[in-house]
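What follows is a short report on a single structure.
Each value in this text was obtained by applying a stated rule to the coordinates, not by laboratory testing. Since we're looking at a predicted model, the values are computed, not measured. All Cβ positions, glycine included, derive from the backbone under ideal geometry; neighbour counts span all protein chains shown.
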Amino acid sequence: MWTNVKIKLKNINNESLKEVISSYLFDCGAYGVEEKGGELRASFHSSKANDIFRKSLSIYLKALKKDFSGFSYRVRVSEVKSTNWAEKWKKYFKPEKVSKNFVIKPSWEPYKALKGETVIEINPGMAFGTGLHPTTRMVLKGIEMLVEKGKIETDKASFLDVGTGTGILAIAAKKLGFRKVKAIDIDGEALKAAKENILLNSLNGEIELSFIDISKIVENYNLVAANITAGEIMEIWGEIDSKVKEGGFLILSGILKNQEEEFLNGILSDKLRLAQRFKQKEWSAFILKKEL
């Protein structure tokens, strides 16, 4: 069984808003998202479009009103029968190079890594996305840049992934040699997806997965990454900032271009400076350095 989700946006025609919602649907396991007839339409395997997802979608759309005032919406959900839709969808997911060295490969596709490439194998049929979204690509690029420039010595360094989803960033950090890698989320389904992907990459026991709120973490890290939304980052900003060691780095992604200046004004300080800015499509990401 398959579930179709249709979201009718009212009182607004904002491409950034559509991009944000589409990204969220993919991250929740949508096999496809299209805009048609003034609606965003997404298809899910029915096991993914459960009551938990539907409640999460409602909460997420309400939260977006903080960043996009004046819009309203209507959500319609319907069940459909299909015997081969999932197999057809798999044909469109191929190994893809997402940064200078990282390649993301679906579990069913063979791929022989070229010299210098690091392959991350995932099962994108699970919840929470494929790792191909611009926000993820920019974080991977940022981690690579810090390591290649010698800003972080991975064999001595620790890494925290805030809101891990599929676990891709944590897997990437471990494959780059980070001594300690911790990935946290407050969504149990996300952690199940991350655990399966960690197993696919033969990293069982090398990444600490935790169903925990960031406020409960007492350690500090050389590099902290948060690829969530601007609103979510600001809600827990004090906690995120406090988890970065002095002299360490922070990579933030999931910020829309039209939000970036207000966002940066809210977080930069004498102790925290902007080291690098990335832009891709509608999105921005930042590397920040915490001064000694």
Packing-ranked peptide list from 54-64, 168-178, highest mean Cβ count within 10 angstrom first, is 168-178, 54-64
The chain: antiparallel bridges as % of DSSP beta bridges, rounded to 5, reads 60 percent
Taking R0 as 22 Å, what FRET efficiency do you get between Lys55 and Lys192 from their Cβ-Cβ distance, rounded to the nearest 0.05?
0.80
To the nearest 10 degrees, how steeply does helix 188-200 sit against the main Cα axis of the chain, on a 0 to 90 scale?
70 degrees
What is the angle, in °, between the Cα long axis of helix 51-64 and the longest principal axis of the Cα atoms in the chain? Nearest 10 is fine, range 0 to 90.
70 degrees
Could the peptides 18-24, 240-246 be put in order, highest first, of the mean number of other beta-carbon atoms found within 10 Å of their residues?
18-24, 240-246
Using the Cα atoms as the points, what is the convex hull volume per residue of the chain in Å³?
127 Å³
Which order do the peptides 262-272, 132-142, 35-45 come out in when sorted by mean C-beta neighbours inside 10 angstrom, highest first?
132-142, 35-45, 262-272
Local electrostatic count at Glu19 - Lys and Arg +1, Asp and Glu -1, tallied over other residues with Cβ under 11 Å
0
